[in-house]
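Step one of this worksheet: look at the structure below.
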């Protein structure tokens, strides 16, 4: 019986192929939109999360300046860190994998006829471990270079290509502002940061050399601290805060004059924002699915009116009320389900194309596909029921007379 | 005529509207039709013949009086039960053919069998046999638009007899056919009546079509005016 009803519904769709297709279009677009947007949204979330993880595993940023800024802005001058602070962290804090002090400035760099404005970071070899960088060509700094403050540098991939094109930069001497500096290595390329800046646009040099030759002071503006394990970041952060309050002699009723930021927190915040956007887009797409459902109801009502005579024939031939009800209901459900399946195919394809275009991973979830399909079938039942009932309750004599 | 009647109307009234606007479509109609009969129902339009057919076909119910089908009173049947009675015992042929368009002859003919829940292979076999019987073998795949009026009406007959009904009800079946096709159609009905013992009740207003029947019932103003058995010329 159910098989036969399905058969009748499929015959009906074939009889009105164009109309069936147009009716399904609403559902197809709705389902495809839901799947595309949600999939891309999830892809973006995963992408951002992995990019942030790529900034450095279990990374803490230690910056001078107050965390809590009142309505009056920053109160008092910002007191920078010193190499002694870095040493203290290294000595006193457990669970630390790597530590890297940073002092930096944007400078014009010149090599031959080329020049390029870039960020120059004075740091230590800890930078590579803390920030997940690797030297792809050449070598990191030697201990004696770090100690003596020799003027050597390691180039980011962007700087290398801007200044040297295809030439081998190793051993070459370039000018950073007024200082001359010898290239000893090139960093591997990382591309854009999750916040949109080019991570390869930088030059590294030993902190001592930077302080002495470029900055002319002993300030450290930023300290990267990388914890040994992910679950240690909270403890390491707390210990550093305690240590720095001690070192800076901050009274217990005073605010910190520095702040420690856990990149995991940032990642969580960014991910949650992207997730919210995903839900929002999904909700908007769901509305279009609903509109598609109303389209189905519309067409089914028109179809009932148009096929009044046919319904009369069926009733005369011995169709019961529930046969007719079921026929129209099944027609609506088949329409919306076939639309749903087509929508899924279209949605997956466009998500795939979109992911390629946006450079985010394709995160297909069976869950969202099942939900979209279930929803489209449900739309068929809900919006198909009313027209189907109209059809089933027709008076056979009236229906047969209908022109 | 001997034995129990196949259908029997006892003092049947069918009244539309109320009070001033009341219309008596049927008034005190008594009628009995026995298995194997070929009955023509005649009368002017508005005489009540179509209303009578609707009641006999279980598409309508009497306002008062009783309609017995194979000795069973149909008065207590629900809408659904009447649908089941139509499904298992009645075959319809309409003036306007009433085939489903864009649907092949075979699919049209097997429609009543689908409602009976019959298996596909048996359904097809029976539909082919019915089409063969009405002389349309080889036209199974044609849609109504590809068939002539006469052929369409034959498909309609095939659809009516495919379920081997107890009675065939035809409402002005030749109304949309030319004279030659009409006579061909009538000869087919007579053949089915004689060879298969099919009971036929046919509404018509054409005297020469009614002449094919064994019995002619005339309606006038909702009443049976005359009921006469014709001596077969053949």
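What follows is calculated from the coordinates using simple rules that are stated; it is not laboratory data. Just so it is clear, the model here is predicted, and its values are computed rather than measured. FYI the Cβ positions are ideal-geometry reconstructions off the backbone, even for glycines, and counts take in every protein chain you see.
Per residue, the Cα convex hull of the stretch A:80-256 amounts to 129 Å³. For the stretch B:107-188, the Kirkwood estimate of hydrodynamic radius, built from reciprocal distances between every pair of different alpha carbons, is 13.1 Å. Just checking the listed ones, B:163, B:148, B:50: in the Gaussian network model of chain B with Cα springs under 10 Å, the one fluctuating most is B:148.
For B:154, A:269, the sequence from fewest to most other C-beta atoms within 10 Å is A:269, B:154. Report, to the nearest 10°, how far helix B:120-133 tilts away from the longest principal axis of the Cα atoms in chain B, using its own Cα long axis and a range of 0 to 90°. That works out to roughly 80 degrees. Computed over the protein assembly as shown, the P(r) tail beyond 34 angstrom holds 63 percent of alpha carbon pairs. Once the convex hull of all Cα atoms in the stretch A:134-231 is built, its volume per residue stands at 138 Å³.
An ellipsoid equivalent to the stretch B:136-234, defined through the eigenvalues of its Cα gyration tensor, has semi-axes of 26, 15, 13 Å when rounded to whole angstrom and sorted largest first.
Looking only at A:256, A:198, A:168, which one moves most when chain A is put into a Gaussian network model with springs between Cα atoms under 10 Å? The residue that fluctuates most here is A:168.
With R₀ fixed at 35 Å, the C-beta to C-beta distance from residue A:279 to residue A:92 puts the FRET efficiency at about 0.20.
Rg/Rh, computed from the Cα trace of the stretch A:300-403 with Rh as the Kirkwood radius, has the value 1.23. Let me have the relative contact order for chain A, percent, based on Cα pairs under 8 Å that are six or more residues apart. Contact order relative to length: 30 percent. Volume per residue of the convex hull around the Cα atoms, evaluated for the stretch B:1-145, comes out as 163 Å³.
Comparing mean-square fluctuations of B:57, B:19, B:65 from a GNM of chain B with C-alpha springs under 10 Å, the top value falls on B:19. Expressed to the nearest 5 percent, the antiparallel share of DSSP beta bridges inside the stretch A:80-256 is 75 percent.
Across the stretch A:84-187, C-alpha contacts under 8 Å between residues 6 or more apart give a mean separation that, scaled by the residue count, equals a relative contact order of 29 percent.
Modelled label positions at residue B:13 and residue A:287, each set 7 Å beyond Cα in the direction of Cβ, lie 6.1 nm from each other. Among A:24, B:209, A:357, the ranking by other beta carbons within 10 Å of each residue's beta carbon, starting with the fewest, stands as A:357, B:209, A:24.
Here the relative contact order of the stretch A:80-256, from alpha carbon pairs under 8 Å that lie six or more residues apart, stands at 32 percent.
Exposure proxy ranking for B:89, B:13, A:2, B:212, based on other Cβ atoms within 10 angstrom of each Cβ and starting from the fewest, stands as A:2, B:13, B:89, B:212. Taking the longest Cα principal axis of chain A as reference, the axis of helix A:233-248 is set at about 40 degrees. Model label points for residue A:82 and residue B:70, set 7 angstrom from Cα along the Cα-to-Cβ axis, are 11.2 nm apart. Against the main long axis of the alpha-carbon atoms of chain A, helix A:17-54 sits at an angle near 20°. If R0 is 30 Å, the Cβ-Cβ spacing of residue B:102 and residue B:125 corresponds to a FRET efficiency of close to 0.80.
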